[in-house]
Amino acid sequence: MDVIIQNAEFWVALALLVLIGALVFLKVPGVAAKALDAHGARIQAELNEAKRLREEAQALLASLTAQRAQAEAAAAEMLSAAAAEAKRLEAEAKAKLDEQIKRRAELAERRIATVEAQAAADVKAAAADLAAHLAETVLSARLAKAKSDPLVDAALAQLPNKLN
């Protein structure tokens, strides 16, 4: 037994057993297990929170992607509606312009016809006045040659009344 007491390995083994016994007596393994369990639970909670946040982010991404697609579709629809409206307005403006040109042409033709009619009436009036004046001159010249005829003198006197 002397050999065992002098052996250093014996004392190291004994100290280790005393240490383990003291640790068990002081309930260190239970406290360590509780600490490890608490740490594991905290890590699990953080993992669950991270998973929940990831799912929320994916849902938000899907929602934003859908909104973007809707916005692009609405923009495309607006562009096509604007193009159709522009074509409609262009056709309407062209129709109005054609109608206005037609009305102005008709108005110009009516004015030309009115001016032509007025000019023709003026020419006819001038021709009638000239014819009356020439007839009067011719008749006056004939009557001047034949002043002896009383019927002609009477007819000449009535001539201005009959011409008006």
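Laboratory data are not the source of any read-out in this text; all were calculated from the coordinates shown. The shown structure was predicted, so the numbers you read here are calculated from the model rather than taken from an experiment. Every residue, glycine as well, gets a Cβ built from its backbone with ideal geometry; the counts of neighbours run over all protein chains shown.
Assorted remarks:
- Out of L79, L23, L36, sole residue that is touching a Pro at 6+ places or on another chain (Cβ under 8 Å) and surrounded by 10 or more Cβ atoms within 10 Å (Cβ to Cβ): L23
- Residue within segment 120-132 that is in contact (Cβ under 8 Å) with a residue 24 or more places away in the chain, assigned to a helix (DSSP H, G or I) and surrounded by 10 or more Cβ atoms within 10 Å (Cβ to Cβ) present: yes
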